[in-house]
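Taking it in order: structure first as structure tokens, then the write-up.
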Amino acid sequence: MNAHPTLDTDDTRPAYNYAYLDEQTKRMIRRALLKAVAIPGYQVPFGSREMPLARGWGTGGIQVTAAIIGPADTLKVIDQGADDTTNAVSIRRFFERTADARTTEATGEATIIQTRHRIPEAPLSAGQIMVYQVPQPEPLRKLEPHEAETRKMHAWAEYGLMQVKLYENIARFGEVTTTYDYPVMVNGRYVMAPSPIPKFDNPKMHMSPALQLFGAGREKRIYALPPHTSVRSLDFDDHPFRIQSWSQPCGLCGASDSYLDEVITDDKGGRMFVCSDSHHCETRREAGHRGEMLGDAAALHLVEEIKP
Amino acid sequence: MTVHVSPPDAALDPAPLLSIARVSRFYGERIGCADVSFELWPGEVLGIVGESGSGKSTLLRCLAGIDRPDAGEVLFRGSGQPLDIYSVAEQERRRLMRTAWGIVHQNPRDGLRMDVSAGGNVGERLMDRGDRHYGQIRERALDWLARVEIAGERMDDRPRQFSGGMQQRLQIARVLVSEPKLVFMDEPTGGLDVSVQARLLDLLRVLVRDLGLAAIIVTHDLAVARLLTDRLMVMKDGHVVEQGLTDQVLDDPHHAYTQLLTSAVLSV
């Protein structure tokens, strides 16, 4: 009665392949990536795998990263612009464990930056790769529910309907109120959903020297922006595209040119605006920039006050 | 049983806008419409009448580029040479459907975007063809809403908030804004009460005359056909049984079925 072979306890092979995915899957994803880079903005279907992460938590981005990461890479992961949020921390640790990846919080040091919601404030450089986690890759989905129809619309560049959405915004609210996942025209050809980044970040994609890859795990789509690709946010001639602006600078570092989050500080209406890019904010504080509320925040041990 | 008549302005434009040759469409064993041929000249209004299930709507769908006929050809002369709409690429056919002709559906829900405002519905075709100036799009939309008697203040309301008659007029504005040469209407007055029908018919008559539109109107209502159309085609069981000038067909029907149809109308 020894039908079950016993596990060889001396087997030192790791339980998982390098970077979690098996080599065939990586090859399949790389093929999709190559096609995506060849046709900027075009959504390439791929065989999305089950990942040890809930769908909608970045399974698309994590698969793209797993397919491109190597031992020489340095990974940065951000969620809502911050390096220290739960999802960012666990994805970073996932690659530390499965790919022996060096990780960093410094934008400039990273070779791969996996992100949800933001593009770092520090300018990207050639050789860097941005990996976006995309929940809904189809920009026309809310307007046209049929997949067969949206594919035709992309195939023949029938994008009047996208403009109708912007028209509706202006007609109802006097301006385009879409503030995130703002549709863009890529290379003058494909309309693309830039994943839920704020429209503040849209101009950063235009002619960026970095390679930008987009992975949607649940929807099984990959698309890409090769370096130096034109990315134009859709608008009307008499209602040009505008990014968000704030009435006050960052409360911690005093930056007035970064994307700010509004943080409620007490139950008496107290609030402050802070940079959403946590690394950008820390870098500025280390360089001696001080926002008006830095003292208060340091007193509450919310941030460490850096003595210049 | 074909009566040859000169269309109203044949002298001005001798070439037909639409030439249909032996168009047939089958649903499995059953006939949708069979062996239909006719020509439509610019500015002409053609009515297709017949009872339910006689193949009127099937024919219309074939002509409008929605359903490919199983046999025959549909030639459309937009500008220059006649074009077989089913031999050109789907892309070109879709472009024609959005610009050169328009379809007014029986049920406004099929022709309108119910969660887009009236202005957006009318402006969509303009944005489709590449208009990117919000102010101008809005101005054109407002102008067209006025022409179909929808108050400007309702412009930002959604079609859901409109009555049936208003929805139908909005659908007409949405189609006509791109200045098509040809309009297909499938029972445009279906489901509307009589007084609303009368207003809509009045409006359609004025628009068709003013714009010099060619139109094909499918209806089972002979009064609608009498009021709007120049020429009439009577269909039964998928075949055209009689065609000719509207007054001629209605006042002096030759085919037994047409005689039955005209005598079946209630006169109050």
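Points worth noting:
- Among B:M233, B:M155, B:M127, residue whose mean-square fluctuation peaks in a GNM of chain B (springs only between Cα atoms under 10 Å): B:M127
- Normalised per residue, the accessible area of region B:69-170 is 45 Å², obtained with a 1.4 Å probe and no contribution from ligands, DNA or RNA.
- Peptide A:227-240 - average C-beta neighbours from other chains (10 Å radius): 2
- Shape parameters for region A:162-242, alpha-carbon atoms, Rg then Dmax in Å: 13.1, 38
- Of all accessible heavy-atom area on region A:162-214, the percent that carbon and sulfur account for (1.4 Å): 56
- Dimensions in Å of the protein assembly as shown - Rg and Dmax from alpha carbons: 31.5, 103
- In region A:93-219, the ratio of gyration radius to Kirkwood radius, Rg to Rh, stands at 1.02 when only Cα atoms are counted.
- Order by protection proxy (mean Cβ within 10 Å, highest first), peptides B:109-116, B:213-220, B:50-57: B:213-220, B:50-57, B:109-116
- Taking 15 Å as the straight-line reach from the Cα of B:K56, the aspartates and glutamates in range (excluding those fewer than 8 positions away in the same chain) are B:D35, B:D67, B:D186, B:E187, B:D221, B:D237, B:E242.
- Average beta-carbon neighbours from other chains, 10 Å sphere, peptide B:93-102: 1
- Spatially, region A:43-92 and region B:49-96 are offset by 50 Å when compared through their Cα centroids.
- Sum of -39500 (n - 2.57) over DSSP H runs of 4+, divided by residues of the protein assembly as shown (222 nm, nearest 500): -9000 deg cm²/dmol
- Per principal axis, descending, Cα span of region B:53-147 in whole Å: 45, 35, 22
- Calculated over region A:10-137: convex hull of Cα atoms, volume per residue (Å³): 120
- Contact residues in region B:126-141 (at least 50 Å² less accessible area with all protein chains than alone, 1.4 Å probe): B:M127, B:R132, B:Y134.
- A versus B: buried accessible surface, summed, Å² (probe 1.4 Å, to nearest 100): 1900
- Viscosity 1.567 mPa s, temperature 4 °C, Stokes-Einstein D of chain A from Kirkwood C-alpha radius, µm²/s: 62
- For region A:55-119, the solvent-accessible area works out to 36 Å² per residue, with a probe of 1.4 Å and every protein chain left in place.
- Of A:K26/A:K204; B:K181/B:K236; A:K26/A:K199; A:K152/A:K204; A:K152/A:K220; A:K76/A:K142, pairs whose Cα-Cα distance is over 26 Å: A:K26/A:K204; B:K181/B:K236; A:K26/A:K199; A:K152/A:K204; A:K76/A:K142
- Calculated diffusion of region B:85-203, Stokes-Einstein form, Kirkwood radius summed over Cα pairs, 20 °C and 1.002 mPa s, µm²/s: 147
- Remark: relative contact order (chain A) = 19 percent; criterion is Cα-Cα distance under 8 angstrom and separation of 6 or more residues.
- Projected label points at B:H254 and A:L302, each 7 Å from Cα along the beta carbon direction, are separated by 9.0 nanometres.
- Take the Cβ atoms of A:S247 and A:A157, set R0 to 45 Å, and the FRET efficiency comes out at 0.70.
- Listed residues B:L83, A:L161 arranged by accessible area, highest first, probe 1.4 Å: B:L83, A:L161
- Calculated FRET efficiency for the pair B:D157/A:T265, C-beta based, R₀ 60 Å, to 0.05: 0.90
- Heavy atoms of A:H206: accessible area, 1.4 Å probe, square angstrom to 10: 80
- Extension reserve of the B:D70-B:D115 stretch, reckoned as 0.36 nm per residue once the Cα distance is removed: 12.7 nm
- Cα-based radius of gyration for chain B, normalised by 2.2 N^0.38 Å, reads 1.00.
The values are calculated or read from the model by the stated rules, or taken from the named source; none is laboratory data. Keep in mind it's a predicted model, so treat the numbers as computed, not measured. FYI the Cβ positions are ideal-geometry reconstructions off the backbone, even for glycines, and counts take in every protein chain you see. Quick note on the areas: whole protein, heavy atoms, side chains included, nothing else; ligands and nucleic acids left out. Shrake-Rupley method; radii C 1.70, N 1.55, O 1.52, S 1.80 Å.
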